[in-house]
Amino acid sequence: MPGERRNLRSSKETSSSTNGEEPRSNSQSSSSNKDKPVPSRATSAKGKNLPTKKTSGKEGAEDKPHTNGTEPMENGVNGTEDVDMVDDGPENVKVGTNKEGEDEMTVVVPPPKSSKLSGEPSKDEEGDIAMDNTDNSHIVSPELDPKAKAVADVKANFALLERAVAQFDARFTLRVLRSISSVRKHLSPDLLAQVITETYTPTSSIAKTLLAALGKEDVSFESPDVSSKMDIDTQAKDKSQTPGKPTTAAKDVLPEVDTYLSVLVQIHLYDTKATEMGAKFSSNLVERLRTLNRRTLDALSARVYFYYSLFFEQLVPLAPSPMASVVSIRPNLLAALRTSVLRKDQDTRATVTTLLLRNYLSTSHIIQADLLISHSEFPAAASNNQIARYLYYLGRIRAIQLSYTEAHEHLVGATRKSPATPSAGGFYQAASKLLVVVELLMGDIPDRAIFRQLNLEHAMEPYLSLVQAVRVGKIEGFLNVVQTHNALFRRDGTYTLILRLRQNVIKTGIRMMSLSYAKISLRDICLKLDLESEQSAEYIVAKAIRDGVIEASIDHEHGFMKSKELGDVYATREPGEAFHDRIRACLGLHDESVKAMRYPMNQHRLELKNAQEARERERELAKEIVEGEMDDDDAGGDFEGMIDVSIRIRRAILLKDLTLLKRIIKNNPKSLQNPNFADNGNTSLHLAAQLGLLDIAEFLIDAGHEDEAISKNGNCDTPLLVAVETSEAVATLLATRFPRCIPWKNKQGADSIMLTSRTPHTTLLAHLLALSPTPNSPRALSTPISPLASTDTSGNTPLHYASAYGQLKSIRSLLEHGADASARNAWSWTPVSYSASVQAEVYFKGLVNAAEREREGMATVAGRGGGMVRMVSAEEGEEFEWMRRSGESGRVRAGSGG
C-alpha cells in the first residue's frame, strides 16, 4: 500500500482525525459536521478539547454526555456510521476549492511498516485497525476476571524467577516480592490450588505439601494448555506445538518457584488466622530451606523466616510469658543467622537479626539481646526497611539500659528511614512514641510539630498530654495521665519508661519553684509536688542541687530552700572552659590537616580492588576451567581456536600449573608475553610477579620473555616494580637477571628502591642497593644520580617512602648507605616530617644523630692517621643482620690505616 489519501470535505464526507480519536470528544459525532468550513491544523487541535453543538442529522440533534467507553463504539468513533478510508495511489498535497466553492485538502499519509505485509489490515499512528464497512456495535470488550488476572500475575512471576536464576540478578526476585501486595487480596485456596496443579506433576511431593496446607488434597491435576490465554511467557514462546494439545513433558520446577508459592501459602494462612497450620507449615518449610544453598533464594528465604516468626508469636502461650512459643524458635533463628553469615546471605542475615531482637524484647530478655548486638554485625548492605527495624529495636534496648543519648540517635535514624507508604504507618507511629518518651527522659521537651502530623495526630494525643504534664511539672497531672492511658502505654511497650518520668516531673517542678520564689519552705514544696513528707522533699531538693538542676541552698535548721541570685557568669570558670574547648577543637583540626598532607598510602597495585571484582574474577576463572578442559594437544587440533590462547595462558598462571603453561607456550611461542589490555596491559611475567610464582617467572625468563625488551604495563611498571611489593624471591630473581631495570621508574616516578623502602623486605632493599648503578660505576652513564637521591614526581626520596610507611628497618638501612635525612620534597617536607608515629619520629632522629656522630668520629680518626677496632655486642650484630646477608662478615668499624 503506497499511501493513504484522506479527502476532508465539509459537504460530502465525514471529518475525522488521522487516528480516529478526535471524534471521541464530549459532544462530537461522525455525521454532524456538514456545511462547516474545514479548520486549520491549529484550530482543529484546539477543537479536540472543546465541546461543539450537533446539527440536525439522521441520528439525532441533542448532545449526549461522555460515557467513558460505556456505549458501543464503531471503529473508534461514537456514532452509527463508519468512516470511509479510501486507499488510493500516492499523490502530492493539494490545497484548493472544489466546484461548489468549498475548501478541499488532500493529505498523503505515509503507510506504517506493518502495512507493507500482504494481507494485513492498515493501521493508523495509534495502532487502530481500519475495519471496512463492519458494524461492531454489538461487540463489547469483556472485563478480565480478577481471579484469572491474579493467576496470570503469579505465573508471570515464574518467568521473572527463571530470569533471576539464569542471569544471577536479584532485581527480578525483588520485583516478584513487590508484586505480592497486588496479588495478596485475591489469594484463596482455589486460586492457589489451580496454580499448583498447573505447575507441578501429580507425583510432586512439594505440590502435595502445599495442597495439604490449603486443605485441597483431593484436587485433580490437569495439564496446562499451551493455547490457553493465561499461559506464561515460557509456554507462549513454543510456537511449534499444535494448539489444543497438552505439553508432553513437564519442565522441572525451580526451588525459587517452590519457595515463592510457599510464601503465598504462608500469606494466605496468616491472613485467614490459621496460626497453628501456618506454624506447622512454616517449620517444615524452614527445614527444607536449610538444605538449599542458592544465592537467588536469599530474598525469598528472608520472607519465609519473617512469616515463620509471626506465626509463632501468635501461638499460645503468648509473650511475655517465659513459656511463650516464640522461645522455641530461637535455636532455629540462631542457626539460620550462623548459616547466613557463612553463606554471605545479606538478606536473611538482616531479617533474622531483627527477628531475634524482636523475640528477645517480647520476653524482656534484654541482656541476651545486648549480647547478640555486641557479638554480631548488622550487614551494611541490608534493605532500608530492615535497617529501620534494627535501629528501632536498638533504640528500645538502649532506652531500657538508661543510655538515653544512644537510644535517641537510633530512634531518630529509625524515624528518618521509616518507609513513607501508608502500610508502614504503624511502624512510624511506634518509633515516634518511643522517641518522645526518650526525649522526655533526657530532660528535653519534644517539638510540637511532631504531634501535628496528619498520620500521628490521633495516635500521639495521649503522649501530647504526657508532655504537657511533664513540662508544667505537676505531679498530680502526670499521675492522672498515666492512670488514664495505662492500657495504651502498656500496649505500646512504653509504660515502664514513662514511670521513670516521675523524677523528671519533680525536678521540673523544683526548677520552676526556684525561679519563682526567692525562698520557699520545704512544707510548701511537699504540698505542691504531692510528696509524702518534708524529709522526702529535702532529699529531692538536695539531689537537684547536687545534679545542677537548680542554683539554691537548703537551710536545714529553719526548713526552707533559698534560691541563689544570678551572678556574673564571667566571674565563674565557665567562659574559660568554653574557650579551652574551642582551642582544643582548633588544635585538633590542625593535627588532622597535618595528617592529611602526608604522603598518601598507595594501594593502586592491588589486583582485586573490591569484593565485586574478586567475585567476577572467580566466576570467569570457573567458567574457563569448565569450558577449557581440552587444549590443542588433547583435541588433536580439531578444536583449535575454541578457546583463545591468551585466556589459556592466563588461566594456567592463575592455576599455578607450570606443566600446562609449558605445553601451551611450546605450541604457541609467539604468545609468550601475552599482554592483557583489560588488566592494564600486564604481561605473563607481570602476572607471575603479582602472584609471587617463582618457578613460573623463572621459566618465562628462560623462554625469552624479556629478550627483546623489558616489558611494561600501562602504568610503565616493569615486572620488578610489581614484584617488590608482592614477592621478595621473584623480585630478587628479576633484579639479579636485569639489574638495569632497578632505577627505571613508573608514571608516578617511583623506582624499585622507593617501592621496596615501604615494605619490610630489608634484605631485598640491600640487594637492590648493591646491584643498582652508582655515579662511580660503569653503568652510571644513563643514571648519573645516586639511587638514594632519586626522587619521584612529588620530589620524594626512598627515605620519604620508608618514613611515611613506618618501616624502621628500611630507614636504618637507607641511613647506613648514606641517604640524606635533610632532603626535602616538592612541598618542602623532610622525611622525618612523615613519621607514622611519635615513637617513629624519635627513633628516626636518633638514627640521624648517630649517623652524624659516626661520620664525625671517622673523620677524626682519619685525620690522626691511626686506626682502631671496636668489638660490638650480639644485640648490635642482630640489628644489622642485613650486612651479614649482603656479604660482610660482621659489624666492625675501623679507621683508615688500621
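Only the coordinates and a few stated rules stand behind these numbers; no lab work does. Treat the numbers as computed from the prediction; the structure is a model and nothing was measured. Note that each Cβ is placed from the backbone with ideal geometry, even for glycine, and that neighbours are counted across all protein chains shown.
Here are the numbers for the structure shown:
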quantity	calculated
Rough spin-label spacing in nm, given labels placed 7 Å along Cα→Cβ, for A152 and R294	2.7
Gain upon complete extension [N480, E406; 0.36 nm per residue less C-alpha separation]	23.6 nm
Net charge contributed by nearby residues that have their C-beta within less than 10 Å of S182 (K/R +1, D/E -1)	+3
Modelled FRET efficiency - R0 56 Å, I647 with M323, Cβ distances, 0.05 increments	0.35
Calculated FRET efficiency for the pair V253/E287, C-beta based, R₀ 22 Å, to 0.05	0.70
Distance between the stretch 482-505 and the stretch 673-724 - C-alpha centres, whole angstrom	72
Added length on full extension, which subtracts the Cα-Cα distance from 0.36 nm per residue, E217 to R824	210.0 nm
Residues with amide H under 5 Å from that of N682, placed H, sequence gap 5 or more	N676, G714
Spin-label model distance (nm) - T272 vs R448, 7 Å beyond Cα toward Cβ	5.2
Spin-label proximity, S205 to the stretch 289-314 - amide N less than 13 Å from point 7 Å beyond Cα toward beta carbon	289, 291
Cβ-Cβ FRET estimate between S536 and D190, R0 fixed at 41 Å, reported to 0.05	0.05
Loop sites in the stretch 673-717: GluC sites (Glu not before Pro), DSSP, at most 15 other Cβ within 10 Å	E708
Fewest-first ranking of E852, E162, using other Cβ atoms within 10 Å as the exposure measure	E852, E162
Least to most buried among T762, T259, T363 (fewest other Cβ within 10 Å first)	T363, T762, T259
Of K662/K745; K208/K280; K474/K543; K185/K417; K216/K280, pairs whose Cα-Cα distance is over 21 Å	K662/K745; K185/K417
Which of W744, W829 has the fewest Cβ neighbours within 10 Å, and the rest in rising order	W744, W829
